[in-house]
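Chemist: Mind having a look at this structure? Questions to follow.
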Amino acid sequence: MALNLIKLCVGVETVEQLQASIERRSMALIADGEPVEMVHTTRMSPKRADEIIGQGSLYWVIKSRVQCRQEIIDLRTFKDNEGISRCRIVMKPNLILTAQQPKRPFQGWRYYKQEDTPRDLGAGETAVSEMPEELRKELATLGLI
């Protein structure tokens, strides 16, 4: 069974803002002739990488709610200029919207078991995914989506 990671998306207010950031980075990579993959660098490396790579996703918490995920392609460890170990979480550039799930703030990333993750919004729910962020948040708060 796949193992996932969950992380706060600091500095991002909406899924749309995250998507715009991904699109800007993708365009820059294409312009530079680089492969399009999104990378998030973190201090700690997951010890259970074999359960994550190619199977798991990074679930993003935006404004105290899990709202979307990105599939994890690879986990690459390295040492920075100061000799400190770091990990690059390499993800596919596309966001997958999920049902919103409340989540309290925490530091760093956490393992996120498959049975605890919110469901993906399906094709039949595209109208929900196209709603303004505030409306989706309010409907989720009321337990309607």
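Chemist: Does Gly11 count as more than 24 Å from Pro132 (Cα to Cα) and either surrounded by 15 or more Cβ atoms within 10 Å (Cβ to Cβ) or not aliphatic (A, V, I, L, M) (or both)? Please lay out each step first, then the result.
Modeler: On the way: more than 24 Å from Pro132 (Cα to Cα): no; either surrounded by 15 or more Cβ atoms within 10 Å (Cβ to Cβ) or not aliphatic (A, V, I, L, M) (or both): yes.
When the stated conditions are applied, Gly11 does not pass them.
Chemist: Looking only at the range 78-112, which residues are in contact (Cβ under 8 Å) with a residue 24 or more places away in the chain, loosely packed, with under 11 Cβ neighbours inside 10 Å and basic (Lys, Arg)?
Modeler: Arg104
Chemist: In the range 26-40, how many residues are in contact (Cβ under 8 Å) with a residue 12 or more places away in the chain, loosely packed, with under 15 Cβ neighbours inside 10 Å and over 22 Å from Ala2 (Cβ atoms)? Break it down into steps so the answer makes sense when it comes.
Modeler: Going through the range 26-40, the residues in contact (Cβ under 8 Å) with a residue 12 or more places away in the chain turn out to be 26, 36-40.
Now restrict to residues that are loosely packed, with under 15 Cβ neighbours inside 10 Å: 36, 39.
Right, trim to over 22 Å from Ala2 (Cβ atoms) and you get 36.
Summing the residues that are in contact (Cβ under 8 Å) with a residue 12 or more places away in the chain, loosely packed, with under 15 Cβ neighbours inside 10 Å and over 22 Å from Ala2 (Cβ atoms) in the range 26-40 gives 1.
Chemist: Further question: Taking the range 123-140 only, how many residues are modelled with pLDDT of 75 or more, of a type outside the set (A, V, I, L, M) and either surrounded by 11 or more Cβ atoms within 10 Å (Cβ to Cβ) or touching a strand residue (DSSP E or B) at 6+ places or on another chain (Cβ under 7 Å) (or both)?
Modeler: Total meeting the criteria: 1.
Chemist: Looking at (1) in a strand (DSSP E or B); (2) touching a residue at least 60 places away in the same chain (Cβ under 8 Å); (3) hydrophobic (A, V, I, L, M, F, W, C); (4) farther than 16 Å from Phe106 by Cα, which is the only condition Ile6 fails?
Modeler: (4)
Chemist: Against the definition (within 14 Å of the chain's Cα centre (by Cα) and either farther than 29 Å from Met131 by Cα or surrounded by 15 or more Cβ atoms within 10 Å (Cβ to Cβ) (or both)), how does Leu18 come out, yes or no?
Modeler: Values: within 14 Å of the chain's Cα centre (by Cα): yes; either farther than 29 Å from Met131 by Cα or surrounded by 15 or more Cβ atoms within 10 Å (Cβ to Cβ) (or both): yes.
Yes; evaluated as a whole, the condition is true for this residue.
Chemist: Can you give me the number of residues within the range 62-76 that are at pLDDT 95 or above and out of contact with any helix residue (DSSP H, G or I) (no Cβ under 8 Å at 6 or more places or on another chain)?
Modeler: 7
The values are calculated or read from the model by the stated rules, or taken from the named source; none is laboratory data. Everything numeric in this text was worked out from a predicted model, so none of it was measured. Cβ atoms come from the backbone with ideal geometry, glycine included; neighbour counts cover every protein chain shown.
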